[in-house]
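Peer 1: Following this message is one structure expressed as structure tokens.
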Amino acid sequence: MAEWKNSACILCECNCGIKVQTGGQDGREIVRIHGDEAHPASQGYLCQKASGLNFYQNGKDRLTSPLRRRDDGSFEAIDWNTAISEIAARLAAVKQQHGGDKIFYYGGGGQGNHLPGAYSTATRKALGSSYRSNALAQEKTGEFWVNGQMFGTHVKGDFEHCEVALFVGKNPWHSHGIPRARAWLREFSKNTDKTMIVIDPVVSETAKLADIHLRVKPGTDAWLMTAILAVLVEEQLYKQDWLAAHTSGLPRVLEALQSVPITEYCEACAVPEQQVREAARVMAGATGGVAVFEDLGIQMNRHSTLVSYLEKLVWLLCGQFGEPGSQYVPAYLQNLAGSGRSSRKSPVVGAPIISGLVPCNVIAEEILSDHEDRYRAMIIEAANPVHSLAGSAQFAKALDSLDTVVVIDIAMTETARHADYVLPCANQYEKWEATFFNFEFPRNYFHLRQPLFSPPENCLTEAEIHARLCEALGAIPEGICDQLNSVLAEQGRDAFRDQFMNALSANRELADVAPIVLYRTLGQTLPGNAALAAVLWPLALNFAMREPESLQRAGFSGNTLEQADKLFDAMLSSPSGFVFAHDQYEDSWARVPLDKINLLIPELLQELAELPSQPQAITSQEFPFVLMAGERRDYSANTIFRDASWRRKDAQGALRINPQDASDLGLDKQAQVRIVTRAGSAVTSVEITERMQSGHVSLPNGFGLDNVDGQRTGVAPNELTSVEDRDAYAGTPWHKTVPARLEAC
Ligand SMILES: Nc1nc2c(c(=O)[nH]1)N[C@H]1C(S)=C(S)[C@@H](COP(=O)(O)OP(=O)(O)OC[C@H]3O[C@@H](n4cnc5c(=O)[nH]c(N)nc54)[C@H](O)[C@@H]3O)O[C@H]1N2
Ligand SMILES: Nc1nc2c(c(=O)[nH]1)N[C@H]1C(S)=C(S)[C@@H](COP(=O)(O)OP(=O)(O)OC[C@H]3O[C@@H](n4cnc5c(=O)[nH]c(N)nc54)[C@H](O)[C@@H]3O)O[C@H]1N2
Ligand code: SF4
Ligand SMILES: [Mo]
């Protein structure tokens, strides 16, 4: 029997632990997959998507050599030395002519791979590149900003222990986002002491399990959330003493909510007032915690930043923070959400840069302007923005207009086709990898995965690519690696740490390229060729300095340096992952850097005050439907699988439509229909289903990839979306409410 090896699923942020057997052709296939019982969060759980992981390992369109674009647009294979030296020279020239800040960096990691992002910081700093973005800036930045204003940190809901669960624009049955989502949903919905509330226009699988489903009209959550808040105020359900003790800004918030015409707002969002009042009462009356999760249904939608704020006000007025089953602040190794602050603006359109990320919807616009500060070059790593960002055609055109585009990926993607250089990577089962998507509480875990296979001959890890780029750019201080290596070899890790710290304080430039220096020194000594784990070493030290007690409770004792060493060693030797933090509920309070939770965000209260009692219509005579462009389904997984045959059902990614609408249009279940939006059109199959309300249609996320063999399956959603359709504050897209019309064909 072949040996079972540990790894993780890389298809969503849960990264469930897996055990696999490898074999098949040349031993390079994943032939069997089980859930890993020893994984601290998933505990053996897997959803149906994981069984397809060999479609990633042996996927279509794999890159096998560095590629350079010819003048006629075709690509030629080149060797690594040529690729690295030409790329370094071209980017250095852009830096010299226009400034390094004109070199934009996009990506850095996906659902399963966050180590590349750590190494790319060195290349960015070596080039002086200061503008960057990734998928978070088309979903989460509005929420990050709200969290930054209210808490000064990031918060999460404690679903494991709550009495009431509220999902707002979130379908965990498909999208997960909480560990063991389906098992959890089933258990929770059966428990008569617990209440699940779902806010969704669709009768999603999650909504079906809900006790209270608020079937909101698409795009009107701002009215619904305001109505819930106004009920809490009108019925005096809010927790006055708790709010007085823990928050600031309450009077202005109460004042704003007192004048809300509840009945009209309920009509505006098409949810019966009685149901809105019931939901408010259930949340206010809970004694065992209310946990809340907002996601793309509102984050990629109208008034998204405002709705994120209102959602947080709902649970704050109910006093739901820092107690079991309420909201908490997780212990983090690396804070993916950043500060939530917006201290800079993007250079051309002046959009707020939140947590360091330029809003995705303005990138193409900034490139295509004639402004002298426009970006001139781009490095894109582990992301497929031509497919995943609003306005695919415009993004592609923007890439084509740049001086130099470098794509670092495992596959020839829609984005790579627009690159000047494409660099082939080892995939996530061919190198050490990890994510920082671990947000559990009170016990949080980390999982560094070992490789299952060696990389194909000509594919390098991102760390190696960035090391070579930094070296070619002359960014690594002369002799430093040799010096550190000899200390490490002769005197060990403690002396190495001292020497490294001294070198850092003596030489500012070393800090910029520290990940590469660690990779080239400490990394080379790690067991199992785990060089990529080198960037975890400073994170372990940082965590030991910030959270010694949490670390101690998780079993890591000693002084700071001892704790850090033990933590780093545990990272390297825990193939199923391990618990690195054991918190207490009051730790959440200690992690809020503000004196009190701040309820008052004046800009958003202003937006609230300006909400009319009837929302502006999304539809028109020309576009009578609202399209949800990018729903999560059984067989969608962003663009991680490039081979459409992994799908066991809904192979084409049908357009979902309500039976009445289908009948009005004369569509039956075999029909093909053309969907037309302001940005483009596409022909699709249909699925006629009561889950959709009349006037609302949906297409799945991640379909419509163009394979190298010329195949395309389903609709590419962002050929139908427009960059202008975005949130007034955070710039996040309105993918969930795209005006559309359907034409029989
Ligand atoms: N199967 C699968 N799982 C995934 C992914 C995947 O591609 N496939 N991707 C992963 C990623 S990157 C992410 S970010 C998460 C996203 O996870 P989710 O946000 O849960 O996914 P979506 O299906 O995009 O949207 C969630 C819900 O929003 C609802 N919605 C649509 N319009 C509105 C509205 O106007 N108001 C409200 N309140 N709700 C609305 C939809 O009906 C849907 O049920 O999923 C992750 N998990
Ligand atoms: N209309 C619409 N658009 C959407 C959404 C929607 O709901 N509607 N959802 C959005 C959301 S929430 C997200 S998160 C984005 C996701 O969109 P992206 O951030 O673009 O990410 P993915 O589609 O996951 O693509 C990941 C890329 O990484 C590559 N890759 C895989 N493994 C490795 C590796 O080990 N190394 C390297 N270097 N590359 C690797 C893959 O080949 C692929 O090209 O899509 C968004 N786009
Ligand atoms: S929930 Fe499903 S897709 Fe997400 S990591 Fe687990 S097995 Fe993979
Ligand atoms: Mo996402």
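Just so it is clear, none of the values below were taken in a lab; they were calculated from the coordinates. Every value quoted in this text rests on a predicted model; they were computed, and no experiment measured them. Here Cβ is always computed from backbone atoms with ideal geometry, including for glycine, and neighbour counts include all displayed protein chains.
Peer 1: If the only charges are +1 at each Lys and Arg Cβ and -1 at each Asp and Glu Cβ, what is the size of the charge dipole of the stretch 141-332 around the Cα centre, to the nearest 20 debye?
Peer 2: 400 debye
Peer 1: Let me ask you something else. Which far-off residues, 5 or more places away or on another chain, put their amide H under 5 Å from the one on residue 411, with H placed in the peptide plane?
Peer 2: Close amide H contacts, sequence-distant or interchain: 63.
Peer 1: How big is the gap, in Å, between the Cα center of the stretch 1-25 and the Cα center of the stretch 351-429?
Peer 2: 31 Å
Peer 1: Determine the distance separating the Cα centre of the stretch 439-488 from the Cα centre of the stretch 647-717; give it in Å without decimals.
Peer 2: Spelled out, the Cα-based centre of one part sits 43 Å from the other.
Peer 1: Quick one: 64, 619, fewest Cβ neighbours within 10 Å first, how do they rank?
Peer 2: 64, 619
Peer 1: Let me ask another. Can you spot the aspartates and glutamates whose alpha carbon is less than 19 Å from residue 566's alpha carbon? Ignore those fewer than 8 places along the same chain.
Peer 2: Those aspartates and glutamates meeting the cut-off are 494, 498, 547, 549, 583.
Peer 1: Size of the dipole of the chain about the Cα centre, Lys and Arg at +1 and Asp and Glu at -1 on the beta carbon, nothing else charged, in debye to 20?
Peer 2: 660 debye
Peer 1: Among the aspartates and glutamates, which fall within straight-line cross-link reach of residue 239, defined as a Cα-Cα distance under 18 Å, with same-chain neighbours fewer than 8 residues apart omitted?
Peer 2: Partners found: 163, 255, 278, 311, 323.
Peer 1: Mean residue ellipticity at 222 nm from the helices of the chain, using -39,500 (n - 2.57) per DSSP H segment of n ≥ 4 over the full residue count, to the nearest 500 deg cm²/dmol?
Peer 2: -9500 deg cm²/dmol
Peer 1: Cα centroids of the stretch 606-629 and the stretch 142-177: how far apart, whole angstrom?
Peer 2: When both Cα centres are located, 25 Å separates them.
Peer 1: Let me ask something else about it. What is the order of 387, 98, fewest Cβ neighbours within 10 Å to most?
Peer 2: The order, fewest Cβ neighbours first, is 98, 387.
Peer 1: Now a separate question. Quick one: 3J(HN,Hα) in Hz for the stretch 685-690, Karplus 6.51/-1.76/1.60 with θ = phi - 60°, rounded, Gly and Pro as x.
Peer 2: In residue order, the calculated couplings are 7, 10, 10, 8, 8, 5 Hz.
Peer 1: Next up: Which whole-number percentage describes the relative contact order of the stretch 443-587, with Cα contacts under 8 Å and a sequence gap of 6 or more?
Peer 2: On the way: 143 pairs, mean separation 49.5, N = 145.
Computed value for the stretch 443-587: 34 percent relative contact order.
Peer 1: Please list, in order along the stretch 103-109, the HN-Hα scalar couplings obtained from phi with the Karplus expression 6.51 cos²θ - 1.76 cosθ + 1.60 (θ = phi - 60°), rounded to whole Hz, x for Gly and Pro.
Peer 2: 9, 8, 10, 10, x, x, x
Peer 1: Summarise the long-distance tail of P(r) for the chain by giving the % of C-alpha pairs beyond 45 Å.
Peer 2: Working: 56455 of 277140 pairs.
Percentage above 45 Å: 20.
Peer 1: For the stretch 5-58, with only Lys/Arg (+1) and Asp/Glu (-1) charged at the beta-carbon, what is the dipole magnitude about the Cα centre, in debye rounded to 20?
Peer 2: 80 debye
Peer 1: For a quick protection proxy, order the peptides 579-585, 524-530 by their average other-Cβ count within 10 Å, most packed first.
Peer 2: 579-585, 524-530
Peer 1: Okay, moving on. How long is the gain from residue 620 to residue 573 if the chain were fully straight, where each residue apart is worth 0.36 nm and the alpha carbon distance is subtracted?
Peer 2: Residue separation times 0.36 nm, minus the Cα-Cα distance, leaves 11.0 nm.
Peer 1: Which one of 229, 387, 52 is farthest out on the positive end of the charge dipole of the chain, using unit charges on Cβ (Lys, Arg +1; Asp, Glu -1) and the Cα centre as origin?
Peer 2: 52
Peer 1: Place the peptides 485-492, 332-339, 732-739 in order of packing, highest mean first, counting for every residue the other Cβ atoms within 10 Å and averaging per peptide.
Peer 2: 732-739, 332-339, 485-492
Peer 1: Over the stretch 347-445, what is the relative contact order in percent, taking alpha-carbon pairs closer than 8 angstrom and at least six residues apart? Don't jump to the answer; show the numbers that get you there.
Peer 2: Working: 121 pairs, mean separation 19.8, N = 99.
Rounded, it is 20 percent for the stretch 347-445.
Peer 1: Taking other Cβ within 10 Å of each residue's Cβ, how do 278, 562, 372 sort, fewest first?
Peer 2: So the residues, fewest neighbours to most, are 372, 562, 278.
Peer 1: Right, something else. Would you grab the residues whose amide H sits under 5 Å from the one on residue 36? Only those 5+ places off in sequence or on another chain, please, with H modelled 1.01 Å from N.
Peer 2: Amide H neighbours of residue 36: 17, 18, 19, 44.
Peer 1: Given the options 111, 157, 123, identify the residue whose Cα lies farthest towards the positive end of the charge dipole of the stretch 110-196 (+1 on Cβ of Lys, Arg; -1 on Cβ of Asp, Glu).
Peer 2: 123
Peer 1: Something else: Over the chain, what is the percentage of antiparallel beta bridges among all DSSP beta bridges, to the nearest 5?
Peer 2: So the antiparallel bridges amount to about 50 percent of the total.
Peer 1: Also, quick follow-up: Among 262, 304, 171, pick out the residue whose Cα is farthest towards the positive end of the charge dipole of the chain, where Lys and Arg carry +1 and Asp and Glu carry -1 on C-beta, about the Cα centre.
Peer 2: Going by the charge dipole, the pick is 171.
Peer 1: Further question: Straight-line reach only, C-alpha to C-alpha below 27 angstrom: list the lysines that residue 60 could link to, leaving out same-chain residues fewer than 8 apart.
Peer 2: Straight-distance partners of residue 60: 5, 19, 49, 397, 431, 649.
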